[in-house]
Amino acid sequence: MASFRGFSFVITVIVMVVLGRCCGGGHGEVLGPPEELGICASAVTIHGYKCQEIQVTTKDGYILNVQRISEGRRESSGGIKKQPVIIQHGVLVDGETWLLNSPEQNLPMILADNGYDVWIANTRGTRFSRRHNSLNAADRAFWNWSWDELVVYDIPAVFDHVSQQTDQKIHYVGHSLGTLLVLASLSEGKLVNQLQSAAFLSPIAYLSHMTTIVGALAARSLLPEKVTALLGIAEFNLKRKEVETILKVLCTHPGVNCYDLLTAITGRNCCLNSSTIQLFLENEPQSTSTKNMVHLAQTVRTGVLAKYNYGRVDYNLMHYGDIHPPVYNLSNIPHNLPIFISYGGRDALSDVRDVERLLNHFKLHDVDKLAVQFVQKYAHADYIMGVDANSIVYNPLVAFFKKHGSA
Ligand SMILES: *[C@@H]1O[C@H](CO)[C@@H](O)[C@H](O)[C@H]1NC(C)=O
Ligand SMILES: *[C@@H]1O[C@H](CO)[C@@H](O)[C@H](O)[C@H]1NC(C)=O
Ligand SMILES: *[C@@H]1O[C@H](CO)[C@@H](O)[C@H](O)[C@H]1NC(C)=O
């Protein structure tokens, strides 16, 4: 594996981007291929798959971009009704990250080749989901949300659209923040009627043991107060000047080695292809909102999975009717929902101890509806870009969907 050389390259580029030596750019400017070349054209149709760009509008007005791959490569569109799968990426990336390896290695195409109707979601604020009915991405109000709003608006918008279009129950695959969004929804009794099954890769819910150095430092010492003061309600873009400034400060902290930033953020990924990483860096990272990062930091600090804390009693009272933000109680997840969980032994974001705490909520889950996989050598990014994720994770996942499918 050319991973070591790959990493040096990656790290150099990330550090260049982070420290602002490359690219300059004003607020919200995004690198990478021209905006008009969508994900279908740049990453799917080139491999011989049909792909449709779809727009889905959330109840609060965000226009999300979704890619639909409804057929595998070797089939003509025929009578059988396929079951849909929604694939949801994590924070600071978008749906394109699923598609960077070869068709034999990436999850959406493997699912399409296995007869599934695949829908790739892109959350608000990422490159192709930066439009709104009335707001502009340059407005502060456009960035006034945390992952609570992704639970309330983005996830249901995509699920409702897919339900309407296919009239079928849906399989779900989430990675990282994409797992939290559906875990939180299920804890509130949402999506239950629409879901066939759910797969959670690198699940995050509790983040107390997150060993990612930068993340932990940011959450424990910097993010909530200072960052909010500095950035306010705004876009969180790793390429933005103010964010660069914060990262520069973090990088001077004793013990933080920014030369190794990718590893410091995601853990020691075992199995990334250096060509894939170059593609990754041409496309990512993507923006999110500062409020979302602050909310995640609150999860790290408090060890409780709760709604956004306004940090002021009067604001919490106004929004929640309580001085404390409501807790997402994961014990409410229905015990008969088929659930596949895979977690890695070297994942710095989704730490083994935190996943084990999450798994405690599944103690009473129906035994034949729960599959838990532990991959000792995997870190966070191996789950989306690992060269052997097809055989290690995706094939068992497809087998799980087939076992728990509607047909
Ligand atoms: C953000 O939304 C809250 C309501 O949830 C509102 O009170 C506040 O004024 C908004 N802030 C901005 C900058 O839009
Ligand atoms: C890495 O990516 C390159 C370019 O796509 C490809 O030719 C090569 O086979 C990949 N290596 C592995 C181990 O998948
Ligand atoms: C969570 O829900 C379970 C049962 O659904 C209940 O026994 C438990 O007390 C709840 N925990 C909290 C913190 O509300």
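From the list ASN136, ASN114, ASN101, the one residue that fits, being polar (S, T, N, Q) and free of Cβ contacts under 8 Å to residues at least 40 places away in the same chain, is ASN136.
On inspection, GLN55 does not qualify as under 19 Å from VAL182 (Cβ atoms) and in contact with a strand residue (DSSP E or B) (Cβ under 9 Å, 6 or more places away or on another chain). Only one of the listed residues (ILE341, ILE333) is β-branched (Val, Ile, Thr), more than 29 Å from GLU96 (Cβ to Cβ) and at pLDDT 95 or above. That residue is ILE333. Checking the structure you have, find out if any residue of the range 107-116 is in a loop (DSSP other than H, G, I, E, B), more than 19 Å from LEU181 (Cβ to Cβ) and not small (Gly, Ala, Ser). Checked against the condition, which is being in a loop (DSSP other than H, G, I, E, B), more than 19 Å from LEU181 (Cβ to Cβ) and not small (Gly, Ala, Ser), the range 107-116 yields at least one hit.
Yes/no matrix, rows are residues, columns are (1) among the charged types (D, E, K, R); (2) touching a Lys or Arg at 6+ places or on another chain (Cβ under 9 Å); (3) surrounded by fewer than 18 Cβ atoms within 10 Å (Cβ to Cβ); (4) over 23 Å from PRO338 (Cβ atoms):
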residue	(1), (2), (3), (4)
LYS81	yes, no, yes, no
PRO84	no, yes, no, no
ILE87	no, no, no, no
GLU96	yes, yes, no, yes
ASN122	no, no, no, yes
ALA141	no, no, yes, yes
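Count of the range 310-358 residues, restricted to those that are within 16 Å of ligand 3 (Cβ to nearest atom), in contact with a strand residue (DSSP E or B) (Cβ under 9 Å, 6 or more places away or on another chain) and part of a helix (DSSP H, G or I), is 1. Within the range 325-342, the set of residues being farther than 24 Å from LEU296 by Cβ, in contact (Cβ under 8 Å) with a residue 40 or more places away in the chain and surrounded by fewer than 18 Cβ atoms within 10 Å (Cβ to Cβ) comprises just one member, PRO334.
For the range 164-176, state whether one or more residues are crowded, with 24+ Cβ neighbours inside 10 Å, away from ligand 2 (no atom under 16 Å from the Cβ) and more than 25 Å from ARG130 (Cβ to Cβ). Yes: one or more hits.
The values are calculated or read from the model by the stated rules, or taken from the named source; none is laboratory data. The structure presented is a predicted model; accordingly, all values stated were derived computationally and were not measured. With ideal geometry, Cβ positions are generated from the backbone for all residues, glycine too; neighbour counts draw on all protein chains shown.
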